[in-house]
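*Asks:* Below is the structure I would like to discuss, written out as structure tokens.
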Amino acid sequence: MENIHTNDALKNALYDKSYACPVCNQAFTAKSVKVGKNQVVSVDSDLYPRYSVVNPILYDALMCPHCGYSAITKSFDSLLPKQKEWIKAQICANYKAHAYSEYTTLPEGIHKHKMALLTCMTKKGKTGEQAYIALHIAWLYRDLGDENNELSFLTRAYEGFEEALSTERFPIFGLDEMTVMYILADIAYKFGKISEAKKYLSVIITSPGISGRIKDRALELKDKINHQS
Ligand SMILES: [Zn+2]
């Protein structure tokens, strides 16, 4: 239940940021989360971070209101000339302007991420980028309580990250190889693929010099698996 206090905190945590669309060159503003106004309060087993005031993922998919070009913030500006042509022909040509709420709702956040995923496929973006967007869509569906869609996007993230491990350079949007392997292990465990989960966990646990946080979580998951079998 939302109250006035929550709305004030939400407003204070966001600001209007200006962007220039790399496809149509027009300017627009979108809400962005202020640094320091929002703290992580807990983290789900697959590393979905829960924040005190606002879920930054809701504001991480940008959509140009003029032409419909969509992407996550970290890849918004990076487009090759050929990719712009594909996006103009396949995304912008079919775009119909749509009014969104000032403060992104869960269904709107999901819709914008789906547009970002479609745009990423249209620009022939890397599998890792598609997997990253799919993971975030799965998390938003989790908050919506829509388990079928959550699992379907987790599957997509799993397959994409698995492929990216052997074909792409890391980090992918800040996720290093071990972090991605841990996410894969957790998703595999969720789907009952125990031998896959164990395979990723053993790589993490036996790797020297990896971050304590990921190693601890990997040990925790290994423990959970061992106590079940
Ligand atoms: Zn545009």
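The values are calculated or read from the model by the stated rules, or taken from the named source; none is laboratory data. What you see is a predicted model, and the numbers here were worked out from it, not measured in a lab. Positions of Cβ are generated from backbone atoms using ideal geometry, with glycine treated the same way; all protein chains shown enter the neighbour counts. Only protein heavy atoms, including side chains, enter the accessible area calculation; ligands, DNA and RNA are left aside. Shrake-Rupley method; radii C 1.70, N 1.55, O 1.52, S 1.80 Å.
*Asks:* Would you mind telling me the share, in percent, of accessible area of the chain contributed by carbon and sulfur at probe 1.4 angstrom?
*Replies:* For the chain, the apolar C and S fraction of the accessible surface comes to 51 percent.
*Asks:* Now for a different question. Check each of the GluC sites (Glu not before Pro) in the stretch 1-105 and keep only those in coil by DSSP with at most 10 other C-beta atoms within 10 angstrom; list them in order.
*Replies:* GLU2, GLU102
*Asks:* Could you work out how far the C-alpha centroid of the stretch 69-143 sits from that of the stretch 155-229, in angstrom?
*Replies:* 26
*Asks:* Okay, moving on. Report, in debye and to the nearest 20, how large the dipole of the stretch 1-144 comes out about its Cα centre when Lys and Arg carry +1 and Asp and Glu carry -1 on their Cβ.
*Replies:* It comes to approximately 480 debye.
*Asks:* Say the dipole of the chain comes from +1 at the beta carbon of Lys and Arg and -1 at that of Asp and Glu; which of ALA131, ILE214, ALA20 then lies farthest toward its positive end?
*Replies:* Projecting each Cα onto the dipole axis, the largest value belongs to ALA20.
*Asks:* Let me ask something else about it. On the first, second and third principal axes, largest extent first, how far apart are the outermost C-alpha atoms of the stretch 36-110 in Å?
*Replies:* The Cα atoms of the stretch 36-110 stretch 43, 27, 23 Å along their principal axes.
*Asks:* Give me the 1.4 Å probe accessible area per residue for the chain, excluding ligands and nucleic acids, in Å².
*Replies:* 53
*Asks:* Pull up all non-local amide H partners of LEU62: gap of 5 or more, or a different chain, and H-to-H distance under 5 Å with H placed in the peptide plane.
*Replies:* For LEU62, whose amide H was placed from the backbone, the distant partners under 5 Å are ALA71, ILE72, THR73.
*Asks:* Stick to Cα atoms and the Kirkwood definition of Rh, then tell me Rg/Rh for the chain.
*Replies:* Taking Rh as the inverse mean 1/r over Cα pairs, Rg/Rh reads 0.99.
*Asks:* Could you give the size of the charge dipole of the stretch 155-221 about its Cα centre, using +1 on the Cβ of each K and R and -1 on the Cβ of each D and E, expressed in debye and rounded to the nearest 20?
*Replies:* In total the dipole reaches around 180 debye.
*Asks:* Separate question: As I understand it, the dipole of the stretch 1-158 uses +1 on the Cβ of Lys and Arg and -1 on the Cβ of Asp and Glu, about the Cα centre. Which of TYR103, SER152, ALA89 lies farthest toward its positive end?
*Replies:* The residue sitting most towards the positive pole is ALA89.
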